[in-house]
Amino acid sequence: MIIITDSHAYPGCLVLTDQDVIAGPTHVQFGDGIVVEARINSMSPEQIVLTINSYVTARGTAVGEKSWLLQSVGSHRLRVKQRCDLTK
């Protein structure tokens, strides 16, 4: 599982993993307790692209599907570097 320490992803936010990251389907748990289906679309040893399905935060805010480039910052720790547009 991927853990984002806030209620949504944004550039600079901390991302934790409870195991080695592998390409394919996964789940994301946000800091407000919401768990969402997601997909790791591509990866290299230092970066992954994570697509998070649409969801609603615990406070009721709707968040549309988005893809993010995550950069490794240590063992089982990443930071969101930027948003990705996978439609190009």
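The values are calculated or read from the model by the stated rules, or taken from the named source; none is laboratory data. All values derive from a computational prediction rather than experimental measurement. A quick note on method: Cβ atoms are made from the backbone with ideal geometry, for glycine too, and the neighbour counts reach across all protein chains shown. With ligands, DNA and RNA removed, areas are computed over all heavy atoms of the protein, side chains included. Shrake-Rupley method; radii C 1.70, N 1.55, O 1.52, S 1.80 Å.
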| message | In the stretch 47-84, whose amide N lies under 16 Å from the spot 7 Å out along Cα-to-Cβ of Thr5? List them in ranges. | response | 71-81
| said: Placing +1 on the Cβ of each Lys and Arg and -1 on the Cβ of each Asp and Glu in the chain, which of Ile3, Val36, Leu14 has its Cα farthest towards the positive end of the resulting dipole? | reply: Leu14
| query | Can you pull out the GluC sites (Glu not before Pro) in the stretch 1-79 that DSSP calls coil and that have at most 11 other Cβ atoms within 10 Å? | reply | Glu46
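Just to confirm, what accessible area per residue do you get for the stretch 11-88 at 1.4 Å probe, in whole Å²? Intermediate values should be presented prior to the final figure.
Numbers: 4720 Å² over 78 residues.
With all protein chains present, the stretch 11-88 gives 60 Å² per residue.
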| query | Counting Lys and Arg as +1 and Asp and Glu as -1, each charge on the Cβ, what is the dipole of the chain about the Cα centre in debye, to the nearest 20? | reply | 240
| field | In sequence order, calculated HN-Hα J values of the stretch 13-24 (Karplus, 6.51, -1.76, 1.60; Hz; x Gly/Pro) | value | 6, 7, 10, 10, 10, 9, 6, 5, 7, 10, 5, x
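At a 1.4 Å probe radius, carbon and sulfur cover how many percent of the accessible area of the chain?
Values: 2580 of 5180 Å².
Roughly 50 percent, rounded to a whole number.
Out of the stretch 53-87, which trypsin sites (Lys or Arg not before Pro) are coil in DSSP terms and have no more than 10 other C-beta atoms within 10 Å? Walk me through the numbers on the way to the answer.
Working: sites: Arg59, Lys66, Arg77, Arg79, Lys81, Arg83; in loops: Arg59.
Passing sites in the stretch 53-87 are Arg59.
For the chain, what Kirkwood radius comes out of the mean inverse Cα-Cα distance, in Å?
Details: mean 1/r = 0.0784 Å⁻¹.
The answer is 12.8 Å.
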